[in-house]
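A short write-up of the structure that comes next.
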Amino acid sequence: KFQVTIPNFKLYNGKEMPALGFGTWLGLDEKLEFKVSDAPKLVDAMLYAIDIGYRHFDTAHFYRMEPEVGYVIKKKIEEGVVRREDVFVTTKVWQHNHRTDDAYASIEASLRRLGLDYIDLVLIHWPISMDINGVDEKIDYLETYRGLENAMKNGLVKSIGVSNFNLAQLERLLSNCEVKPAVNQIQVTINLLEKELVSFCKAQNILVVSYSSFGSLTRSYATDAPPPKPDDPCLVEMGRKYNKTATQLVLRFLYQRGIATIPKSLTKARILENASIFDFDIDSGDVATLEKFDCGYRSDVPIFWQEYTNYPFEKQEKEFFIDMPESLLKWKNGANLDID
Ligand code: NDP
């Protein structure tokens, strides 16, 4: 049976987080509806992931998969494959829960859906707030963060952090918080290195977790994306040298920069492939070659939020504007309130 050993990164508070985890965002289909029909496949994928050595799951209230994540962990504990303390679970507070008390209640609800008695890490999903109809609520993320701090003080959560915070937002949070964030989860990919933000996080001892690390490499619709594509001669040649795939090179490259990754796959071979990056080193010459792809390209931009308060990215030209998909406001049961 295949088995991988995934090393840990240490958070500033002494807690350990596996350097590579399993992402549980199923995404939207062609009609921009949530791919909840993939939930059974996700469960199978996560069961397999634990069997081969994954110990870190990245989920969110918004992904609607907390019950599935909880089910898988409980089953593997019952089977004696893992103990609770061997598994690292991250979840996130969604944008309609940004008032201090709502953020706290959201964490309690996540605990209930996960069926756990503590969560390893809770993040503010975005610095932006909106109500259940999608209207900008303009709530200060400092207020939201206080809800996370309270949950941590009360033992619901071991570590807290943020996601999609830009440098200015992170700096402001750092000067106004009691508990320093342990993590900033952002998109970092081969053509979006985010050098300034990553260096800032490093200097503050905040661990960067990269989401959508493959960027346009695995997105067939991103036809106009800048290089590289998986068949890029440079990646192909380097892959041959190390006997690794383009996606493995990307994950390893990020790991060598001290960045954790959380690739998502429903395909067993890829689940194994993604975690098989801890047995080689990309040499400094090749690191320099890979760095040349950096061009600040963001593969998935939530442009529909760009007029919202605290939108973290650079705004784009209006001609590209698309409306927020309705499904971002609807939850699993069809109601626009919650998933249970
Ligand atoms: P990823 O970059 O992980 O890519 C996932 C896609 O790549 C899937 O279509 C998958 O296909 C495919 N894939 C996975 N592994 C391989 C491989 N080895 N070779 C070729 N194709 C591969 O994208 P995500 O956007 O899902 O990001 C990962 C996780 O990050 C999410 O699941 C979520 O947990 C988190 N996230 C957080 C965000 C935030 O705002 N904080 C935003 C976005 C994501 P298949 O499944 O068919 O194998």
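The values are calculated or read from the model by the stated rules, or taken from the named source; none is laboratory data. For clarity, every value in this text was computed on a predicted model and none was experimentally measured. Don't worry about glycine lacking a Cβ; one is built from the backbone with ideal geometry, like all the others, and counts go over all protein chains shown.
Odds and ends about this structure:
- The requirement of being surrounded by 15 or more Cβ atoms within 10 Å (Cβ to Cβ), within 12 Å of the ligand (Cβ to nearest atom) and among the β-branched types (Val, Ile, Thr) is fulfilled nowhere in region 288-295; no residue meets it.
- Filtered residue count, region 174-207, keeping only those that are assigned to a helix (DSSP H, G or I) and within 16 Å of the ligand (Cβ to nearest atom): 3
- When each of Lys229, Lys268, Lys244 is tested for being in contact with a helix residue (DSSP H, G or I) (Cβ under 8 Å, 6 or more places away or on another chain) and either hydrophobic (A, V, I, L, M, F, W, C) or within 16 Å of Leu192 (Cα to Cα) (or both), the lone residue that passes is Lys229.
- Among residues that are hydrophobic (A, V, I, L, M, F, W, C), surrounded by fewer than 17 Cβ atoms within 10 Å (Cβ to Cβ), in contact with a Pro (Cβ under 9 Å, 6 or more places away or on another chain) and not in a loop (DSSP other than H, G, I, E, B), Phe304 is included.
- Some residue of region 142-158 being crowded, with 22+ Cβ neighbours inside 10 Å and within 14 Å of the ligand (Cβ to nearest atom): no
- Test: residue in region 86-99 that is charged (D, E, K, R), within 30 Å of Ala246 (Cα to Cα) and outside any helix (DSSP H, G or I): yes
- Of the listed requirements (1) away from the ligand (no atom under 12 Å from the Cβ); (2) farther than 25 Å from Arg112 by Cα; (3) surrounded by 16 or more Cβ atoms within 10 Å (Cβ to Cβ), Tyr54 misses just one: (2).
- Qualifying residue in region 118-140 (condition: of a type outside the set (S, T, N, Q), in contact with a helix residue (DSSP H, G or I) (Cβ under 8 Å, 6 or more places away or on another chain) and in a helix (DSSP H, G or I)): no
- Residue list for region 17-34, restricted to those being of a type outside the set (Gly, Ala, Ser), under 17 Å from the mean Cα position of the chain (by Cα) and surrounded by fewer than 18 Cβ atoms within 10 Å (Cβ to Cβ): Leu28
- Scanning region 247-267 for residues that are within 9 Å of the ligand (Cβ to nearest atom) and either outside any helix (DSSP H, G or I) or among the basic types (Lys, Arg) (or both) returns Thr261, Ile262, Pro263, Lys264, Ser265, Leu266, Thr267.
- Residues satisfying the stated conditions in region 106-130, i.e. free of Cβ contacts under 8 Å to residues at least 40 places away in the same chain, away from the ligand (no atom under 14 Å from the Cβ) and under 13 Å from Leu148 (Cα atoms): Ile119
- Identity of the residue in region 11-45, closer than 21 Å to Ser327 by Cβ, without any contact (Cβ under 8 Å) to a residue 24 or more places away in the chain and part of a loop (DSSP other than H, G, I, E, B), that ends up nearest to the ligand (Cβ to nearest atom): Gly27
- Residue that is surrounded by the most Cβ atoms within 10 Å (Cβ to Cβ) [pool: residues in region 247-258 that are in contact with a helix residue (DSSP H, G or I) (Cβ under 9 Å, 6 or more places away or on another chain) and in contact (Cβ under 8 Å) with a residue 40 or more places away in the chain]: Val250
- Annotation: of all residues in region 225-246 being modelled with pLDDT of 95 or more and of a type in the set (A, V, I, L, M), the one that is farthest from the ligand (Cβ to nearest atom) is Met238.
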